[in-house]
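The values are calculated or read from the model by the stated rules, or taken from the named source; none is laboratory data. Note that the structure is a prediction, hence the values are computed from the model and not measured. Note that each Cβ is placed from the backbone with ideal geometry, even for glycine, and that neighbours are counted across all protein chains shown. Note: areas computed on protein heavy atoms with side chains; ligands, DNA, RNA excluded. Shrake-Rupley method; radii C 1.70, N 1.55, O 1.52, S 1.80 Å.
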Amino acid sequence: MNALVATNRNFKLAARLLGLDSKLERSLLIPFREIKVECTIPKDDGSLASFVGFRVQHDNARGPMKGGIRYHPEVDPDEVNALAQLMTWKTAVANIPYGGAKGGIGCDPGELSVSELERLTRVFTQKIHDLIGIHTDVPAPDMGTGPQTMAWILDEYSKFHGYSPAVVTGKPIDLGGSLGRDAATGRGVLFATEALLNEHGKSISGQRFVIQGFGNVGSWAAQLIHESGGKIVAVSDISGAVKNSKGLDIPSLLNHVKEKRGVKGFHGGDPIDPTSILVDDCDILIPAALGGVINRENANDIKAKFIIEAANHPTDPEADEILSKKGVVILPDIYANSGGVTVSYFEWVQNIQGFLWDEEKVNNELRTYMTKGFKDVKEMCKTHNCDLRMGAFTLGVNRVARATVLRGWEA
């Protein structure tokens, strides 16, 4: 099931539980604005190349829109719509004053030189600079982009609007980025997992974890869980998968990944088939890679008691039903991976204040937000007698619906 269908389905179930009227429901689903622009640049060899850039701005009832910019060859408009909508609910669940957006450019960043990527980013910014802004829409990095991309956007935007560090987040520290931003999503996953286990009278120490995906989120989650006494028995990434039932030596694995650019060939564990990692024996499964990986084909074979969704939309609705019948507890993506956008909010606040926080303050504030977020989700679960995913969706949708009505926007 594609991401947009699944997101719309969850939204509609939440709207029904909340008893929203059909006009309000419809207006909450329709994106505020969809932007599509042509970006033509001279390549290093002198030839011209054209790319399509886009931005979906979903909702701004609770504040400026917020969401990543991805550079990827297959940018699917449906997926971008779904991810923009998910950002609306995610920022509302985290209770930060934003709405949702998402965007990017249809290109293969691996095929372009650094100077070509810079020209492309600057042309894209020129085309959308009057549609983004500190109090309008604040982009961030996503697949295929990073702090350097944000630095180029900031510089190009500032040519039109004066120096504006708060126009993007995920910037390099030297240009007003926040300390703790790099680890934020992974650290949020740790805090979310602690909150969930605490509810079940358990702690991270001694639990066996499997992590699918060892990029920024997976590797930080692994490192922080390992430091908290959790035992990580298997990890996988694009290169392969390794397993050690006694627990992988995470610091050594991180060094190996830095050198070899993948987990493949790590001597502290046995190589296993990456496709089997989701059904490996463990207490807690953390999908931290792509969407749709847990589906009706493998849901019956999953042995974990808890699933923490560090990736966006890793579990299909069919798998959701199978797993809930088995009694597996799923902590949904719109809460579990909101650490990144929460620290992006802290970065924006620091830029607006012109005052840099130390890393300890960033991490303490993140813990406060994640802990409060879990309590709020549980309250909605009690009120509507539903699982954690619907608890999170009803919480997010309800906050956006209330803001929409209070602003006099309902149809």
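Surface analysis of the chain yields an accessible area of 42 Å² per residue, using protein heavy atoms and a 1.4 Å probe.
Each pair of Cα atoms in the stretch 1-153 enters the Kirkwood radius, and Stokes-Einstein at 37 °C and 0.692 mPa s then converts it into a translational diffusion coefficient of 203 µm²/s. Of the three principal axes defined by the Cα atoms of the stretch 104-232, the extents in descending order read 54, 34, 24 Å. On the principal axes of its alpha carbon atoms, the stretch 276-411 extends 51, 42, 24 Å, with the longest extent given first. Pairwise Cα distances in the chain exceed 27 Å in 50 percent of cases. Spatially close Lys pairs in the stretch 253-411, defined by Cα atoms under 14 Å apart and a spacing of eight or more places or different chains, total 4.
Counting only lysines at least 8 places from LYS36 when in the same chain, those with an alpha carbon closer than 20 Å to its own are LYS66, LYS102, LYS127. In the chain, the DSSP-assigned H stretches of four residues or longer account for a calculated mean residue ellipticity at 222 nm of -14500 deg cm²/dmol, using -39500 (n - 2.57) per stretch and the full residue count as denominator.
In this structure, VAL37 and ILE272 have a Cβ-Cβ separation that, at R0 = 41 Å, corresponds to a calculated FRET efficiency of about 0.40. Beta bridges assigned by DSSP with both partners in the stretch 197-305 are antiparallel in approximately 45 percent of cases. Taking the average, over residues, of other Cβ atoms within 10 Å as the packing measure, peptides 102-113, 275-286 rank 275-286, 102-113 from highest down. Between ILE30 and ASP301, the distance separating the two model label sites (each 7 Å from Cα on the Cα→Cβ line) works out to 4.6 nm. For the chain, the share of accessible area belonging to carbon and sulfur comes to 51 percent (1.4 Å probe, ligands and nucleic acids excluded).
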